[in-house]
1. Using only Cα atoms and rounding to the nearest 10 degrees, what angle (0 to 90) does helix 26-41 make with the longest principal axis of the chain?
2. Explain nothing, just the number: dipole magnitude of the stretch 12-167 about its Cα centre with +1 on each Lys and Arg Cβ and -1 on each Asp and Glu Cβ, in debye rounded to the nearest 20.
3. Give me the angle, in degrees from 0 to 90, between the Cα long axis of helix 125-138 and the longest principal axis of the Cα atoms of the chain, rounded to the nearest 10.
4. Report the chymotrypsin sites (Phe, Trp or Tyr not before Pro) located in the stretch 72-172 that are in a DSSP loop and have at most 15 other Cβ atoms inside 10 Å of their Cβ, or state none.
5. Springs between alpha-carbon atoms under 10 Å, Gaussian network over the chain: tell me which of V144, V21, V79 tops the mean-square fluctuations.
6. Calculate for the chain the 222 nm mean residue ellipticity that helices alone would give, adding -39,500 (n - 2.57) per DSSP H run of length 4 or more and normalising by residue count, nearest 500 deg cm²/dmol.
7. So for the chain, averaging the separation of alpha carbon pairs under 8 Å that are six or more residues apart and normalising by length, what relative contact order in percent results?
8. For the chain, find the longest principal axis of its Cα atoms and tell me its angle to the long axis of helix 149-167, 0 to 90°, nearest 10.
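What follows draws every value from the coordinates through simple rules; no lab data is involved. Note that the structure is a prediction, hence the values are computed from the model and not measured. Ideal geometry is used to build each Cβ from the backbone, glycine not excepted, and the neighbour counts take in all protein chains shown.
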Amino acid sequence: MALLPILEFPDPRLRTRAQPVQQFDAALRQLIADMLQTMYAAPGIGLAATQVDVHRALLVMDVSVEKDQPQVYINPQIVARDGVEVSEEGCLSVPNIYEEIERAARVQVRAQQADGQWFECELTGLSAVCLQHEMDHLAGKLFVDYLSGLKRERIRRKLEKERRERASGAAKPAAARTARVI
Ligand code: K1U
Ligand code: ZN
């Protein structure tokens, strides 16, 4: 298995639309294993292939407390949605930024497993929020796109500044980096 580098906003590759997965082979199983390892190591509760610069419709999630319930969704489609829920979201591609985002409260999803078998399930709560966030990645969309242009620009500048500081060896401690940008 391998840890994969995660693209960070505003990298233009995060805007690429994923193409359907067509080959259910050993390379796909290896990518799934690498994405799960990368998600757990980050740490995160979800990861879309787009974030690791693979532009195929594949996402992984694990919202369990014990981190022992990996889920894989290949070629996912939301076939029904209902209700509205606002919750705080983060993103491994927009590090240390957390914002309230409105999503459907319940989604019915159709997707394929690693062996190509189709399945359908209904998600609520954090699973529903995470699935919608990851499916946005596959469409080239980020959670910051739901914010005002001004706020998005402030976040972009903050991340660029942090990247410059990191490159020059003058990084702030983690607690000082976590922020809601007003
Ligand atoms: O897609 C991603 O960048 C992963 C993202 C998923 C997500 C989180 C919250 C709401 C919607 C979608 C993350 O995992 S950010 C990190 C995070 O939320 C977390 C990290 C460690 C423990 C618990 C949560
Ligand atoms: Zn994300």
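1. Result, in degrees: 40.
2. 840
3. With rounding to tens, the tilt is 80 degrees.
4. Qualifying residues, ordered by number: Y98.
5. Comparing V144, V21, V79 in a Gaussian network model of the chain, the most mobile one is V79.
6. Helix-only estimate at 222 nm: -9500 deg cm²/dmol.
7. In percent, rounded to a whole number, it is 22.
8. Taking Cα atoms only, the helix is inclined about 80 degrees.
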